[in-house]
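Below: one structure, written as structure tokens.
The values are calculated or read from the model by the stated rules, or taken from the named source; none is laboratory data. Since we're looking at a predicted model, the values are computed, not measured. In this analysis, Cβ positions are derived from the backbone assuming ideal geometry, glycine residues included, and neighbour counts consider all displayed protein chains. Heavy atoms of the whole protein, side chains included, go into the accessibility calculation; ligands, DNA and RNA do not. Shrake-Rupley method; radii C 1.70, N 1.55, O 1.52, S 1.80 Å.
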Amino acid sequence: MSEKPAPDTLILCNDLMFSSQLNGAAQRAGCVPRTCLGQVSAMKELESDQMRWVVVDLELAGIDLTALRNATSAKIVAFGPHVQTDRLAAASSVGCDFVLSRGEINRGLESLLASEG
């Protein structure tokens, strides 16, 4: 019996329907996703240092992007509503590798992960 591959993409989003869409996009891009609903569980997952990607919803309450950035060398893809320009700019300023609107990530996560992977 073959062993399941270790997750390499962490999806940090507590919107269960949207995180399901993100998981599907990651799988189609050839990634092995794992979803976390909050920062505490995400930080535990990042201890394994096998993550290549972290996809984080900027609407998640209490998210500390600086702590996430400091916890991993994985590429961080942050996303949020296009009207929340301050949050998007803050994500960029703390070193998130890609900062996208919710619409952009919905349409383009699969191709982003596949092209950068």
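Kindly list, by first and then second residue, each pair from a residue in the stretch 72-87 that is under 19 Å from M43 (Cβ atoms) to a residue that is of a type in the set (S, T, N, Q) and not in a loop (DSSP other than H, G, I, E, B), limited to pairs with Cβ atoms under 9 Å and residues at least 6 apart or on different chains.
A74/T9; A78/S92
Is one or more of the residues making up the stretch 39-49 in a loop (DSSP other than H, G, I, E, B) and closer than 22 Å to V83 by Cβ?
No, there is no match, as no residue in the stretch 39-49 is in a loop (DSSP other than H, G, I, E, B) and closer than 22 Å to V83 by Cβ.
Output the number of the condition that N106 fails; it satisfies all remaining conditions of (1) of a type outside the set (S, T, Y); (2) surrounded by fewer than 16 Cβ atoms within 10 Å (Cβ to Cβ); (3) assigned to a loop (DSSP other than H, G, I, E, B).
Of everything listed in (1) of a type outside the set (S, T, Y); (2) surrounded by fewer than 16 Cβ atoms within 10 Å (Cβ to Cβ); (3) assigned to a loop (DSSP other than H, G, I, E, B), N106 misses just condition (3).
Specify the residue that is modelled with the lowest pLDDT; the eligible residues are those in the stretch 1-22 that are within 15 Å of L46 (Cβ to Cβ) and either more than 12 Å from the chain's Cα centre (by Cα) or part of a helix (DSSP H, G or I) (or both).
Looking at the filtered set, the residue picked out is A6.
Of the numbered conditions (1) open to solvent by less than 30 Å² (accessible area, probe 1.4 Å); (2) modelled with pLDDT of 95 or more; (3) in contact with a helix residue (DSSP H, G or I) (Cβ under 6 Å, 6 or more places away or on another chain), V99 fails exactly one; give the number of that condition.
Of (1) open to solvent by less than 30 Å² (accessible area, probe 1.4 Å); (2) modelled with pLDDT of 95 or more; (3) in contact with a helix residue (DSSP H, G or I) (Cβ under 6 Å, 6 or more places away or on another chain), only one is false for V99: (1).
Would you please name the residue that is most open to solvent (accessible area, probe 1.4 Å), looking only at residues in the stretch 23-38 that are part of a helix (DSSP H, G or I) and out of contact with any strand residue (DSSP E or B) (no Cβ under 6 Å at 6 or more places or on another chain)?
Step by step, filter the stretch 23-38, then rank; the result is R28.
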